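The values are calculated or read from the model by the stated rules, or taken from the named source; none is laboratory data. Here the structure is a predicted model, which means the values were calculated and not measured. Note that we place each Cβ from the backbone using ideal geometry, even for glycine, and neighbour counts take in every protein chain shown.
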Ligand code: KG4
Ligand code: ZN
């Protein structure tokens, strides 16, 4: 409170939030922000590559810690991502300069075992994490001491995998007394578009398409999202991966990219798969039915995949598989087009000023997806914004960047203790919605993915701001 009183009647130079954590193990959502203002003479000198954290801790033991007061370009954040099958780290400066980016993929494991097995993925993360993080720091020519904070994905994702990244982040942050920013993986997919497209302002619409999620989100402001649609069963990336596997493709490249490549050689109109959920006038998605249609098409053509990978298929067999790939892709993407058209109508009603549709997540690196969605967006007078493919698939840059966005408005956790025990109970959110559901957007179709463990990111942030 002392800090609050100090600022009255003095010229305001900068501002910060102070958080009062309810425990020492949460992220900012558990914290209660207090708005304080600093007089310029009270600000510590801005030192770009030095943690500004400690000097600003307010005397009162209840009020810790204070936000570092730093110019955007002085902030340097390490981002760590381990929510699924990629171990990734990156160092990004507040002005969006990417100082380094390292990704260690588990594609080989995926190809061998046919999917992500949590225990195996955890082991692969454990083997890779130290090297990946060190490489990211080395490539940026920095040490952990030079960082302003560490950002790490805390959900949604596989608990065992999330834990590896979070523990690593806490170890570094504890050793160097750095604040931690807990990141929502899907928010990071959306916000990385603001790094690559500097004039992308809120509000905007975002289609997030990955291996585990299909989301249509109206991003009203930082931390304020309305969920217009989600998947009621599988995500599109999962459908690409399964189809690729059933067609005997080389999964080492990743199922999605392999299928996209084969689809270029096929006739997309040869098989009339039905478009999912046309009877449901909402913005939700379903890919389970399309997967079944593909499976039946493969069986009816008697393509014997178990014994014949695509590399050794005869020309007829190969062309038959290419037709299935192209027909699948056409319908999978038509489903996206349908939902985006409706979402644009809804979004313009809620926020008439939106100008852009952001498309991000692994599947957004697909050129056919981009081309088709570009048509939809142009017809509505909006602009399509897609991050480059390397920033669409899981990466550390998106985590670091989202960390920067939140850090600059003072949303972060205090540094962990330097000697935190190994078995410390960390805050993980394997099932964590990004935004509140748009009431008119509730699916009539039965959703299998209703179970929620955590309140949405948006409701947590809104709640903390009202306190
Ligand atoms: O965002 P992401 O890297 O990880 C998750 O958060 O799930 O997305 C991975 C998904 C995988 O299903 C992968 O096959 C798919 O994105 N993907 C693609 C392409 N590149 C990656 N799908 C279709 N075409 C692509 N070019
Ligand atoms: Zn992802």
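Residue pairs, Cβ under 7 Å, 6 or more apart or interchain, first in the range 208-225 and in the same structural domain as residue 403 (by TED's automatic domain parsing), second within 11 Å of ligand 1 (Cβ to nearest atom) and in a strand (DSSP E or B). List them. As it stands, the answer is none, since no pair meets every condition given. The set of residues in the range 180-236 that are within 16 Å of ligand 2 (Cβ to nearest atom), in a strand (DSSP E or B) and out of contact with any helix residue (DSSP H, G or I) (no Cβ under 8 Å at 6 or more places or on another chain) comprises 230, 231. For residue 149, the conditions (1) touching a helix residue (DSSP H, G or I) at 6+ places or on another chain (Cβ under 6 Å); (2) surrounded by fewer than 24 Cβ atoms within 10 Å (Cβ to Cβ); (3) over 24 Å from residue 227 (Cβ atoms) are fulfilled apart from (2). The set of residues in the range 379-395 being buried (at least 18 other Cβ atoms within 10 Å of the Cβ) and within 16 Å of ligand 2 (Cβ to nearest atom) consists of 386, 387, 391, 392, 393, 394, 395. Scanning the range 152-170 for residues that are within 18 Å of residue 123 (Cα to Cα) and either out of contact with any helix residue (DSSP H, G or I) (no Cβ under 9 Å at 6 or more places or on another chain) or part of a helix (DSSP H, G or I) (or both) yields 159, 160, 161, 162, 163, 164, 165, 166, 167, 168, 169. Criterion first (touching a residue at least 24 places away in the same chain (Cβ under 8 Å) and either under 28 Å from residue 231 (Cα atoms) or in contact with a strand residue (DSSP E or B) (Cβ under 6 Å, 6 or more places away or on another chain) (or both)) does residue 109 satisfy it? The answer is yes for residue 109.
For the range 277-286, indicate whether the set of residues that are in the same structural domain as residue 208 (by TED's automatic domain parsing), without any contact (Cβ under 8 Å) to a residue 60 or more places away in the chain and surrounded by 10 or more Cβ atoms within 10 Å (Cβ to Cβ) is non-empty. No - not one qualifying residue is present in the range 277-286. Considering only the range 261-284, I want to know if a residue exists there that is modelled with pLDDT of 95 or more, under 23 Å from the mean Cα position of the chain (by Cα) and away from ligand 1 (no atom under 16 Å from the Cβ). Yes, the range 261-284 contains at least one residue that is modelled with pLDDT of 95 or more, under 23 Å from the mean Cα position of the chain (by Cα) and away from ligand 1 (no atom under 16 Å from the Cβ).
Within the range 331-362, being touching a residue at least 60 places away in the same chain (Cβ under 8 Å), touching a helix residue (DSSP H, G or I) at 6+ places or on another chain (Cβ under 8 Å) and more than 16 Å from residue 202 (Cβ to Cβ) holds for 332, 335, 336, 340, 344, 346, 359, 361, 362.
Annotation: residue 235 fulfils all but one of (1) buried (at least 23 other Cβ atoms within 10 Å of the Cβ); (2) farther than 12 Å from residue 285 by Cβ; the unmet one is (2). Of all residues in the range 68-83, those satisfying the criterion of being part of a loop (DSSP other than H, G, I, E, B) and at pLDDT 95 or above are 75, 82, 83.
The selection criterion, being surrounded by fewer than 20 Cβ atoms within 10 Å (Cβ to Cβ) and at pLDDT below 95, holds for residue 421. Only one of (1) out of contact with any helix residue (DSSP H, G or I) (no Cβ under 6 Å at 6 or more places or on another chain); (2) assigned to a loop (DSSP other than H, G, I, E, B); (3) under 23 Å from residue 316 (Cβ atoms) is not met by residue 271, so which one is it? Of everything listed in (1) out of contact with any helix residue (DSSP H, G or I) (no Cβ under 6 Å at 6 or more places or on another chain); (2) assigned to a loop (DSSP other than H, G, I, E, B); (3) under 23 Å from residue 316 (Cβ atoms), residue 271 misses just condition (1).
Would you confirm, using the coordinates I've provided, whether residue 310 is more than 23 Å from residue 226 (Cα to Cα) and more than 13 Å from ligand 1 (Cβ to nearest atom)? Against the criterion (more than 23 Å from residue 226 (Cα to Cα) and more than 13 Å from ligand 1 (Cβ to nearest atom)), residue 310 qualifies.
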